[in-house]
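To start, the structure itself, in structure tokens.
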Amino acid sequence: MKIGTLEACRLTIYSTNEDVVQMRNVFYFFNNTLEDCNVDATTTKNWWAAAADALINNWHTSVSYYGAHIENLSKNEVAFYPWAVPVDGTSVGQRLPFQCAALISAYTTQKRRICKKFLGGFTELEQEAGYWTPAFITDLEDFAANWLDGFSDGSVTMVPISYRPTDQEYPGFTGALVRSVVCTLGRRKPGVGI
């Protein structure tokens, strides 16, 4: 799929945890260049493997990232790209409960508009008494920097954005903050949602 000039897209990375829990990480990007960005199975896997390179040793061996769903939000085009070889975690420590996650807050150019990225699938080795270890926080900071560097197909780099369907313009990010406390994915009201 091609993401043309001044077009926005939603990139969703799919994974499983223990083969029973589906996890998805959603990213929004904007092509502010004069060239088309080519998005396919190879470019999505290469981007995710590079962006998450620092975290692979922290994900439990049961965590497997296996494909990407891309949606061109400007043209309402959708495609799913399964990866021939998944990106798997390598940590053999005891897996944290499914709801435990690391939280990265990305700040935008607009006041009080913060995007939050929750990442799960980590092990007990990455935390001590409810706080992430300093080494793991450094790995999360590397991931945040790679995310904010944007998505690239090798020649064109799209910038990450905060997306809302009603926006006329998409605010970019000014920086990110990694939370040191082990957070939870249980953010919905009980009985609400799927």
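The values are calculated or read from the model by the stated rules, or taken from the named source; none is laboratory data. Not measured: the values here are computed from a predicted model. Positions of Cβ are generated from backbone atoms using ideal geometry, with glycine treated the same way; all protein chains shown enter the neighbour counts.
Could you grab me the full set of residues in the range 148-182 that are part of a strand (DSSP E or B) and either hydrophobic (A, V, I, L, M, F, W, C) or within 19 Å of M1 (Cα to Cα) (or both)?
Within the range 148-182, the first condition is being part of a strand (DSSP E or B), and the residues that meet it are 151-152, 157-160, 173-178, 181.
Those that are part of a strand (DSSP E or B) and either hydrophobic (A, V, I, L, M, F, W, C) or within 19 Å of M1 (Cα to Cα) (or both): F151, S152, T157, M158, V159, P160, F173, A176, L177, V178, V181.
When N57 is tested against (1) assigned to a loop (DSSP other than H, G, I, E, B); (2) under 19 Å from P160 (Cα atoms); (3) modelled with pLDDT of 90 or more, only condition (2) is not met.
Considering only residues that are touching a residue at least 40 places away in the same chain (Cβ under 8 Å) and either among the acidic types (D, E) or surrounded by fewer than 18 Cβ atoms within 10 Å (Cβ to Cβ) (or both), which ones fall in the range 87-106?
Across the range 87-106, the qualifying residues are F98, Q99, S105.
Each residue in the range 100-134 was checked for being within 16 Å of A176 (Cα to Cα) and part of a strand (DSSP E or B), and 13 of them qualify. Looking across the range 13-32, the residues that are buried (at least 16 other Cβ atoms within 10 Å of the Cβ) and either among the hydroxyl-bearing types (S, T, Y) or closer than 18 Å to A51 by Cα (or both) come down to I13, Y14, S15, T16, M23, N25, F27, Y28, F29, F30. Scanning the range 106-128 for residues that are under 23 Å from N17 (Cα atoms) and of a type outside the set (D, E) gives K116, K117, F118, L119, G120, G121, F122, T123, L125, Q127.
Does the range 44-58 hold any residues that are surrounded by fewer than 20 Cβ atoms within 10 Å (Cβ to Cβ) and out of contact with any strand residue (DSSP E or B) (no Cβ under 8 Å at 6 or more places or on another chain), and which are they?
As a first pass, look at the range 44-58 and keep what is surrounded by fewer than 20 Cβ atoms within 10 Å (Cβ to Cβ): 46, 49-50, 53-54, 56-57.
Answer for the range 44-58, where residues must be surrounded by fewer than 20 Cβ atoms within 10 Å (Cβ to Cβ) and out of contact with any strand residue (DSSP E or B) (no Cβ under 8 Å at 6 or more places or on another chain): N46, A50, D53, A54.
Condition check ((1) charged (D, E, K, R); (2) modelled with pLDDT under 85; (3) more than 19 Å from T44 (Cα to Cα); (4) surrounded by fewer than 16 Cβ atoms within 10 Å (Cβ to Cβ)) across all residues:
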{"site": "L119", "(1), (2), (3), (4)": "no, no, no, no"}
{"site": "W132", "(1), (2), (3), (4)": "no, no, yes, no"}
{"site": "D153", "(1), (2), (3), (4)": "yes, no, no, no"}
{"site": "M158", "(1), (2), (3), (4)": "no, no, no, no"}
{"site": "V182", "(1), (2), (3), (4)": "no, no, yes, no"}
{"site": "R188", "(1), (2), (3), (4)": "yes, yes, yes, yes"}
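A single member of V85, V63 is aliphatic (A, V, I, L, M), farther than 27 Å from G172 by Cβ and over 15 Å from the mean Cα position of the chain (by Cα), and it is V85. Taking (1) over 17 Å from V26 (Cα atoms); (2) without any contact (Cβ under 8 Å) to a residue 60 or more places away in the chain in turn, V182 satisfies each apart from (2). Answer yes or no as to whether K111 is surrounded by 14 or more Cβ atoms within 10 Å (Cβ to Cβ) and among the basic types (K, R). No; evaluated as a whole, the condition is false for this residue.
Given the condition surrounded by fewer than 16 Cβ atoms within 10 Å (Cβ to Cβ), of a type outside the set (V, I, T), out of contact with any Leu (no Cβ under 9 Å at 6 or more places or on another chain) and touching a residue at least 12 places away in the same chain (Cβ under 8 Å), answer yes or no: does some residue in the range 69-78 qualify? For the range 69-78, residues surrounded by fewer than 16 Cβ atoms within 10 Å (Cβ to Cβ), of a type outside the set (V, I, T), out of contact with any Leu (no Cβ under 9 Å at 6 or more places or on another chain) and touching a residue at least 12 places away in the same chain (Cβ under 8 Å): present. Scanning the range 1-46 for residues that are closer than 21 Å to F118 by Cβ, in contact (Cβ under 8 Å) with a residue 40 or more places away in the chain and assigned to a loop (DSSP other than H, G, I, E, B) turns up E18, D19.
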